[in-house]
Amino acid sequence: MCLPRIRLRVGIFLTLDLASIFSLLYDFRWRNSIQLLFYCSFSTGRLTSAPVPNSECGGSPLRVAYQGLCGAHSESAALKAYPNCEPVPCDQFETAFEAVEACSVDRAVLPIENSLGGSIHRNYDLLLRHRLHIVGEIKYAVRHCLLANQGVKVEHLKKVLSHPQALAQCEYTLTRLGLVREAVDDTAGAAKDASLNVTRFLMLAREPIIAGTDRPFKTSIVFSLEEGPGILHKALAVFAERQINLTKIESRPMRWSSLTSPGVDASGLQKYFHYLFYADFEASMASDDAKMALQDLEKLATSLRILGSYPADTTMP
């Protein structure tokens, strides 16, 4: 169920849902709102530091969106994240994001990186475009198998069809077999490849959870910086100075909007490339070190947004 809509007066009347207001707080000097976001309690009781439930308050199972068809690895990941949920297949990653925002589902479980194929860049971009919050993560071990009609021998194969990520994960074997690769929207099967094939999935919701210190937590952020020598080094140093471990950093091109322009660089040349940095670090936003690190990062950053502070998956995939 979506949160109730309320009205704020900011010069004119605007109608915003509570989740959107949380997202605005991230963008409006989050340092002053961070305690409100993570520590205040509401009569709705929707914010919690407890594990994300498998069902809503009414007892009905959570509806959890995933990308792919029934039987896909993503459906298994959704069931691992929420064992009693009702999995809801979506054709595209963006469809799953939109389904959560539209309240047609309660959560989404989507891949963000794979130990062989690397990052799923599309979902990094969608995290910025949409206003969902990361409320958890799971690691899911993947084993691909090559499927063909009965009686067909491997040496007779010419082409394999699968999702681009599955093709990337099986690149070595497919190259060795000399197979032409054709990307499709879902995995119908791919050649078995390395045994250490693990995909990390994010659990997404409309509302954040309260960060805690009772278990290992991870925090995900996205920020941008002015260009200059050593600026990125200074930005990352705010974590090293506090012994906070960065587990992931990913750069993505920043899309220009009506509020931004390419501009010129220090040498006076036209500047066409500017980057956002996505980072994960092992700390909870309930800790003073994490809050102080982000306060120092904010002084260097031209923009900063917290995507979520959530329990880390410390189990074996």
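The values are calculated or read from the model by the stated rules, or taken from the named source; none is laboratory data. Small disclaimer: the values here were computed from a predicted structure and weren't measured. Cβ coordinates were reconstructed from backbone atoms using ideal geometry, including for glycine residues, and neighbour counts include every protein chain displayed. Calculation scope for accessible area: heavy atoms of the full protein, side chains included, ligands and nucleic acids excluded. Shrake-Rupley method; radii C 1.70, N 1.55, O 1.52, S 1.80 Å.
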* Confirm whether Glu250 is open to solvent by less than 30 Å² (accessible area, probe 1.4 Å) and among the acidic types (Asp, Glu). => yes
* To do: Collect the residues in the stretch 255-297 that are within 17 Å of the chain's Cα centre (by Cα) and modelled with pLDDT under 85, keeping them in residue-number order.
  => none
* Limited to the stretch 118-144, what total is found for residues that are in a loop (DSSP other than H, G, I, E, B) and closer than 22 Å to Leu79 by Cβ? -> 5
* Structure fact -> When (1) in contact with a Phe, Trp or Tyr (Cβ under 7 Å, 6 or more places away or on another chain); (2) open to solvent by 60 Å² or more (accessible area, probe 1.4 Å) are applied to Ala108, the one that fails is (2)
* Under 7 Å between Cβ atoms, at least 6 apart or on separate chains: pull out the pairs that start in the stretch 284-295 with a residue that is of a type in the set (Lys, Arg) and part of a helix (DSSP H, G or I) and end on any residue that is surrounded by fewer than 18 Cβ atoms within 10 Å (Cβ to Cβ) and modelled with pLDDT of 95 or more. => none
* To do: Working carefully through the options Leu147, Leu167, find the one that is farther than 30 Å from Glu282 by Cα and assigned to a loop (DSSP other than H, G, I, E, B).
  => Leu147
* Structure fact -> Inside the stretch 129-155, the number of residues satisfying the requirement of being within 25 Å of Ile209 (Cβ to Cβ) and surrounded by 14 or more Cβ atoms within 10 Å (Cβ to Cβ) is 11
* Would the stretch 156-175 turn up any residue that is without any contact (Cβ under 8 Å) to a residue 24 or more places away in the chain, surrounded by 17 or more Cβ atoms within 10 Å (Cβ to Cβ) and under 23 Å from the mean Cα position of the chain (by Cα)? -> yes
* Can you name the residue in the stretch 79-117 that is outside any strand (DSSP E or B) and of a type in the set (Asp, Glu) and is also farthest from Ala283 (Cα to Cα) among such residues? -> Asp91
* Structure fact -> Residue count, the stretch 69-83, condition open to solvent by 60 Å² or more (accessible area, probe 1.4 Å) and at pLDDT 95 or above, comes to 3
* Lone qualifier among Leu202, Leu225, Leu126 - being in contact with a Gly (Cβ under 9 Å, 6 or more places away or on another chain), open to solvent by less than 60 Å² (accessible area, probe 1.4 Å), modelled with pLDDT of 90 or more and within 30 Å of Glu101 (Cβ to Cβ) -> Leu202
